[in-house]
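Colleague: Let me begin by handing over the structure; questions about it come next.
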Amino acid sequence: MTDFVHPLSSLAATDAESVGPKAANLAALGRAGLPTPGGFCLTAEAYRAQCSAIGLDEVMQAYNDAELQTQRRMSVQIRLGLYQQPITAPVLEPLLEAWRAQRQTGALGAVRSSALIEDRKGANFAGQFESFLGVTDEDALLTTVRACWAALWTTNARRYMGNHGLSPADTAMAVLIQPVVSARASGGGLSETAEGQMLISATWGLGSAIAQGQIVPDRIVLNRQGFVRKIEAGRKNHRETCGHGGESAPQKVEAELVRAPCLDAGQATQLGRMMLKAEKIFGGPVEIEWAMDDAGFKMLQARALHVEQPVVPDQIWLQHPGLNGHPAGIGWGSGRAVVINCECELERVVPGDVLVTKVAGPALSQVLPRVAGVVAELGGSTSHLASLARERGIPMVLGVLDATQRIPDGSQVAVDGVAGIVRWFR
């Protein structure tokens with residue numbers, strides 16, 4: 001262990017101010033006996049050392065006081081510096097030493113951003129930074145590490161920070177480096193919902209298909225003791241697998257598995273009990289990401305979860321047609337339906353509208369501040385966009401079959417983000 005590299009098994013890796021809450025939470029889970037992939041973290045101090053070594057300190061210090069247009073130029077300058085300049089030797093040497101030791105297992109690498117400001121109450125930054133899978137060689141490792149550092153200064157990340165009164169100049173980026181889990185199934189989980197239950201989302205292969213809102217995952221509801229109440233099979237027509245070169249690769253799912261549950265009741269109960277143990281570690285409800293390989297479950301991430309109380313809708317809405325889907329878990333709202341089939345149409349969405357779309361990916365996060373609700377044909381309760389909606393208190397229902405065809409553009413829509421119901425009238 002050095003100032004720049006902490007094994008996740010070490011006590012130092014539980015310090016969120018050194019490795020970021022994402023890595024620190026994962027280290028805490030591992031030290032409490034929950035299974036994780038292991039790995040190590042390149043600390044925030046390594047990021048600061050690199051910035052100093054390549055001469056970025058002065059521009060970072062001037063960033064907060066600069067005009068908006070100047071800040072844009074400065075952020076580009078900083079990103080290019082982090083991308084293009086060689087990593088300073090005091091950081092590079094322990095990084096490569098830890099990487100070579102990890103690669104002796106033969107597993108491909110996962111390189112993930114772990115910013116000091118993410119996974120905190122009110123600002124979880126879900127989907128705003130970078131993750132790379134299938135990293136095999138040292139050149140690819142160094143490229144992905146640089147990309148994680150630079151992700152702190154992207155336009156989307158800076159916009160998100162600005163909405164929360166934060167600045168990239170006032171924080172730092174750690175990087176989490178782990179073996180890739182050869183996942184048969186993956187997903188997310190909420191240890192407590194507004195209805196007093198537990199929820200698991202699951203899909204075949206890697207969980208990125210859920211995180212990006214690309215499929216409708218299985219939805220498994222458990223009681224608060226961790227026992228299964230119902231398993232609703234999703235529509236999982238493709239799986240993400242780990243390809244070489246830092247990218248996941250989609251594969252078509254066999255027809256008989258598209259609507260087949262990924263987990264049986266016993267496996268779901270086991271995962272539910274792991275979530276309850278995570279609750280005890282963090283002192284309250286948690287949102288998790290998990291994967292299951294041939295050896296069993298691995299916890300990939302955990303963050304604190306805010307649980308909203310259900311809202312009783314006006315009786316008038318109950319008289320109108322409705323569609324069911326996966327609730328994001330928070331809020332009730334109504335407004336004009338704006339049916340969007342392409343991101344280029346997002347300019348049609350004005351404050352107070354309800355966005356109705358097909359894919360609920362993180363790219364839609366830019367419109368969340370101005371919508372009264374979101375309805376999507378794909379996605380599930382533990383996607384990145386659902387997490388951002390919970391953070392902002394925006395009602396959202398995902399996995400609503402044929403929503404863009406059945407909900408008329410311009411109609412009045414009510415979105416129940418707790419019950420998972422969408423209703424409308426003209």
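The values are calculated or read from the model by the stated rules, or taken from the named source; none is laboratory data. On a predicted model such as this, the values are computed, not experimentally measured, just so you know. A quick note on method: Cβ atoms are made from the backbone with ideal geometry, for glycine too, and the neighbour counts reach across all protein chains shown. Accessible surface is based on the protein model in full, side chains and every heavy atom, while ligands, DNA and RNA are left aside. Shrake-Rupley method; radii C 1.70, N 1.55, O 1.52, S 1.80 Å.
Colleague: If I filter region 56-72 for residues that are touching a residue at least 12 places away in the same chain (Cβ under 8 Å), under 20 Å from Val5 (Cα atoms) and out of contact with any Gly (no Cβ under 7 Å at 6 or more places or on another chain), do I get at least one hit?
Modeller: The answer is no; no qualifying residue exists.
Colleague: Here's another thing I want to ask about it. Step by step: first the residues of region 28-45, then only those that are in a helix (DSSP H, G or I) and closer than 20 Å to Val91 by Cβ, then the one that is least open to solvent (accessible area, probe 1.4 Å). Which residue is that?
Modeller: As a first pass, look at region 28-45 and keep what is in a helix (DSSP H, G or I): 28-31, 44-45.
Pick out the ones that are also closer than 20 Å to Val91 by Cβ and you get 44-45.
On the way: Ala44: 0, Glu45: 86 Å².
Within region 28-45, the match that is least open to solvent (accessible area, probe 1.4 Å) is Ala44.
Colleague: Only one of these is free of Cβ contacts under 8 Å to residues at least 40 places away in the same chain and of a type in the set (Gly, Ala, Ser): Ala403, Ala363, Ala372. Name it.
Modeller: It is Ala363.
Colleague: Strands (runs of 3 or more DSSP E) wholly in region 114-233 with at least 3 residues that are among the hydrophobic types (A, V, I, L, M, F, W, C) and closer than 30 Å to Asp65 by Cα - which ones? Don't jump to the end; show me each part of the working.
Modeller: Numbers: elements: 131-135, 173-179, 185-190, 198-204, 218-222, 228-232.
Result: 173-179.
Colleague: For region 133-145, indicate whether the set of residues that are within 30 Å of Leu305 (Cα to Cα) and either open to solvent by 40 Å² or more (accessible area, probe 1.4 Å) or touching a Lys or Arg at 6+ places or on another chain (Cβ under 7 Å) (or both) is non-empty. I'd like the intermediate steps shown before the answer.
Modeller: Narrowing region 133-145 to residues within 30 Å of Leu305 (Cα to Cα): 133-134, 144-145.
Subsequent filtering for residues that are either open to solvent by 40 Å² or more (accessible area, probe 1.4 Å) or touching a Lys or Arg at 6+ places or on another chain (Cβ under 7 Å) (or both) retains 133.
Yes, region 133-145 has at least one match.
Colleague: What's the total number of residues in region 326-342 that are outside any strand (DSSP E or B) and surrounded by 24 or more Cβ atoms within 10 Å (Cβ to Cβ)?
Modeller: Start the filter on region 326-342 by keeping residues that are outside any strand (DSSP E or B), which leaves 328-331, 340-342.
Cutting the leftovers down to surrounded by 24 or more Cβ atoms within 10 Å (Cβ to Cβ) gives us 328-330.
Number of matching residues: 3.
Colleague: Additional query: Which of the residues spanning region 1-27 are among the β-branched types (Val, Ile, Thr) and open to solvent by 20 Å² or more (accessible area, probe 1.4 Å)? It would help to see each step written out before you state the result.
Modeller: So the first thing to find is which residues in region 1-27 are among the β-branched types (Val, Ile, Thr), and the list is 2, 5, 14, 19.
Hits for region 1-27 are Thr2, Thr14.
Colleague: Please find, among Tyr63, Tyr83, the residue that is aromatic (Phe, Trp, Tyr) and farther than 21 Å from Thr143 by Cα. Give the steps one after another, and end with the answer.
Modeller: Working: Tyr83 fails: farther than 21 Å from Thr143 by Cα.
Within the list Tyr63, Tyr83, the selection yields Tyr63.
Colleague: Of all residues in region 137-192, how many are within 19 Å of Ala16 (Cα to Cα) and small (Gly, Ala, Ser)?
Modeller: Number of matching residues: 5.
Colleague: Give region 53-75 a look and list any residue that's within 19 Å of Asp170 (Cβ to Cβ), of a type in the set (A, V, I, L, M, F, W, C) and part of a helix (DSSP H, G or I), or say none.
Modeller: Passing the criteria: Val59, Met60, Ala62, Leu68, Met74.
Colleague: Still on this structure, I have one more. Can you name the residue in region 257-277 that is under 23 Å from the mean Cα position of the chain (by Cα) and part of a loop (DSSP other than H, G, I, E, B) and is also farthest from Ala302 (Cα to Cα) among such residues?
Modeller: So the residue we want is Pro261.
Colleague: Sort out which residues of region 370-398 are in contact with a strand residue (DSSP E or B) (Cβ under 6 Å, 6 or more places away or on another chain), assigned to a loop (DSSP other than H, G, I, E, B) and open to solvent by less than 10 Å² (accessible area, probe 1.4 Å), and write them in order of number.
Modeller: Gly379, Gly380, Ser381, Pro395, listed by residue number.
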